[in-house]
Amino acid sequence: MGLLLSSFAQAVEELEAHIRLHHGQNAADPAFRRRVEELISSFYDDIDVVVQVPLRSLFHLLVIKALYVDRASTDAEVITYLGDMLTRYLYTRELFPFLGPGGRRQLFYFSHLLEEMEQGFRRFQNLFEACRRYGDNALFLTGIFPQSFRRPRLGRLGLPRPLDASYYITTGKACYRLAADHELAHLTQLRPVLLKLSRHFELYMAALNDISQRYIMGLDLDLIADKMLDAFNQWRRTGDARYLEKARRYAALLKVDPSRFPSLFRGHNLGRLN
C-alpha cells in the first residue's frame, strides 16, 4: 500500500488535531482534502489483502470525509461523537440491547424508553443515558440503513407495512433534546453536541447515508474504476502480469462487461470473476 498500516491511525489523528485546532471554522484546504482522499484510496490499493486498521480511525476518517470535507462542518466535537458512535454500533451489539421472545435481540424503540422510565432504569443508569442511546439508535438506523425505510414489511395481518423514517427522525431529535436538557449533559460536556444533533438531525443523517452507500453497505465505484484503469495502464507500460490480474479483480467488483473491455479479459478464464 502507498501508506503503511502502522501510520494510518497517526495520519487520522493528525487530521483530527487539525480540525480541533480550527474548531468553529472549516479549514479543509486543498492539502487537507487531498490527504483525506489519499487515506481513503489506500484501502483499495491491495485488493487481495484484508486491510487491518483500527476501526475508530477508519470510521472517524469517513465522518471527516462526509461531514467536514463534503459538507463544510465546523464542529470538531460532533465529528468525534459521530465517529465514536459508528465505532460503537458497528463493532458491538449496542444497537440491539434488548432481548425479545426466545432470547432474540431486538431494536431499541421509544416504547422501551418509556418502560425504562416507569421501571426505574433497569437497563440504563438514568434518563440521560436512555435518551442519548435512543437518539443514537435513531440516527444510526436512518443514517446507515436508509434502504430499510423504502421496503415494505409485513404487519401482524400479513399486509405490507412501511417502516416510517419520520418516526425515528422526530423521536430521535426529541430524545437528543431531552438528553441535552439533563444536568448530566453539562457534567459530561455533551450539551452543545447533543443540541446540534437535535437541531440538525437530518444533516447528520444525510452524511451517514453517504458513508453507508459508499463505504459500508456499498463500494466507492468511481475510485475502484480509477484504480482498475491505473492497474491496466501499468500493465501496458511494464508488461507485469500482476498489474493485469489486479485490474481484472477491480473489474470483477465493477462487474465490467468483457465485450466492452476485450484487452483486459483476453486469454482470461472469466469464470474466476464470478
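The values are calculated or read from the model by the stated rules, or taken from the named source; none is laboratory data. Computed from a predicted model, the values in this text were never measured in an experiment. Glycine gets a Cβ as well: all are built from the backbone with ideal geometry, and neighbour counts include every protein chain shown.
Checked against (1) at pLDDT below 75; (2) part of a helix (DSSP H, G or I); (3) aliphatic (A, V, I, L, M); (4) more than 25 Å from the chain's Cα centre (by Cα), Leu184 meets all criteria but (1).
Is it the case that Asp70 is surrounded by fewer than 19 Cβ atoms within 10 Å (Cβ to Cβ), at pLDDT 85 or above, within 17 Å of the chain's Cα centre (by Cα) and not β-branched (Val, Ile, Thr)?
Yes, satisfied.
Taken over the range 73-108, the residue count meeting the criterion of being assigned to a helix (DSSP H, G or I) and either at pLDDT below 95 or within 16 Å of the chain's Cα centre (by Cα) (or both) is 17. Is at least one residue of the range 206-227 over 21 Å from Leu58 (Cα atoms) and at pLDDT below 85? Yes, some residue in the range 206-227 is over 21 Å from Leu58 (Cα atoms) and at pLDDT below 85.
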